[in-house]
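Participant: Right, I'll just put the structure down here and ask away after.
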Amino acid sequence: MSFNPNLEQGAELINEQLCNLFGVSPQGGMRRSLKNDALVLISNRIESPYQDRFVDGVIHYTGMGQIGHQDLNASQNKTLKESPSNGVSIFLFEVLETKKYTFTGQVHLVGEPYQEIQEDVEGKDRMVWMFPLGLVAGQVLQPVPVEKVKELEVARERKITKLDRVVLVHRAKQAAKVPGSRSVIARQYQRNEYVAEEARRRAQGACQLCDTAAPFANKSGQPYLEVHHVVWLARGGEDSLENTVALCPNCHRRMHVLDSDSDKNLLLTKIASHQ
């Protein structure tokens, strides 16, 4: 009988819980449990140099080995390759937040392992083995909260901005041509249309942050400005005239990227002047 950890998809564990539950070591991306005849795979999106990705519901998982060419018949690469016949149960976790292991589900090979070029931890090109994995019958790939995806993107972008230009160009050319994709969960707020329209009219065709005219007119011939809540709705801000402004697309993006207190104070002052 195959090992059953009795975990729901999406369950979050810390490393100690994962180790105790599966009987595996506390380190590594491919952790074998001889006691439970199981293999735990960890796709660390924060710290790992590997380029794991989801394409049309298939998880393309990078094999073991951080330096030099990977060996398909070494260690847990061999275990995973032979999993259709060796009876080992495979379980996948993702790290989207530091020290949190989210259970993706039980997986199995759905195609032959293949090779591609990736950099090792020393920055040298090498051949790695990619394992196409799918969820076992009865499981569906669960969407992840959009906030986690955005936080992860920001964290990775911070690291990338520190790369040398030569390294950056090399990695850009080396990247997989087919982009990965993943369904996300996003909260949709039902905004008050009357508040939004009054915010636009109150702006009189000019951005309330930079004071420049709207960059173009919409299909109805009205100045195109975007409605913004000074205190974001996601942070508990009100959908009210006292918290709503109209901005040009550039300044709207500025507010979300910089999140500057001085910009917020300026906008709140302008709102107060209209009351």
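The values are calculated or read from the model by the stated rules, or taken from the named source; none is laboratory data. The shown structure was predicted, so the numbers you read here are calculated from the model rather than taken from an experiment. Cβ: placed from backbone, ideal geometry, glycine included. Neighbour counts: every protein chain shown. Please note that ligands, DNA and RNA were not included when accessible areas were found on the heavy atoms of the full protein model with its side chains. Shrake-Rupley method; radii C 1.70, N 1.55, O 1.52, S 1.80 Å.
Residue-wise test of (1) touching a Phe, Trp or Tyr at 6+ places or on another chain (Cβ under 7 Å); (2) modelled with pLDDT of 85 or more; (3) of a type outside the set (G, A, S).
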residue	(1), (2), (3)
G180	yes, no, no
A196	no, yes, no
T212	no, yes, yes
H229	no, yes, yes
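Participant: Take A172 and tell me if it is open to solvent by less than 60 Å² (accessible area, probe 1.4 Å), assigned to a helix (DSSP H, G or I), of a type in the set (G, A, S) and modelled with pLDDT under 85.
Facilitator: For A172, the condition - open to solvent by less than 60 Å² (accessible area, probe 1.4 Å), assigned to a helix (DSSP H, G or I), of a type in the set (G, A, S) and modelled with pLDDT under 85 - is not met.
Participant: I would also like to ask the following. With the requirement that a residue be open to solvent by less than 80 Å² (accessible area, probe 1.4 Å), touching a residue at least 24 places away in the same chain (Cβ under 8 Å) and either farther than 21 Å from E193 by Cα or touching a helix residue (DSSP H, G or I) at 6+ places or on another chain (Cβ under 9 Å) (or both), what does the stretch 243-269 give you?
Facilitator: N243, T244, V245, A246, L247, C251, M255, D263, K264, L266, L267, L268
Participant: In the stretch 96-125, what residues are surrounded by fewer than 17 Cβ atoms within 10 Å (Cβ to Cβ) and assigned to a strand (DSSP E or B)?
Facilitator: E97, K100, H108, Y114, Q115, E116, I117, D125
Participant: Within the stretch 16-55, can you find the residues that are surrounded by fewer than 14 Cβ atoms within 10 Å (Cβ to Cβ), over 16 Å from E94 (Cα atoms) and in contact (Cβ under 8 Å) with a residue 12 or more places away in the chain?
Facilitator: K35
Participant: Can I ask one more? State which residue is surrounded by the most Cβ atoms within 10 Å (Cβ to Cβ) when the search covers only the stretch 64-80 and only residues that are touching a residue at least 40 places away in the same chain (Cβ under 8 Å) and within 14 Å of V40 (Cα to Cα).
Facilitator: Only one residue fits best here, namely L80.
Participant: Counting only residues that are surrounded by 11 or more Cβ atoms within 10 Å (Cβ to Cβ) and either in contact (Cβ under 8 Å) with a residue 60 or more places away in the chain or within 24 Å of the chain's Cα centre (by Cα) (or both), how many does the stretch 228-242 have?
Facilitator: Of the residues in that region, 2 qualify.
Participant: Sticking with this one: Sort out which residues of the stretch 171-205 are more than 24 Å from P143 (Cα to Cα) and free of Cβ contacts under 8 Å to residues at least 12 places away in the same chain, and write them in order of number.
Facilitator: Correct list: A172, K173, E193, Y194, E197, R201, Q204.
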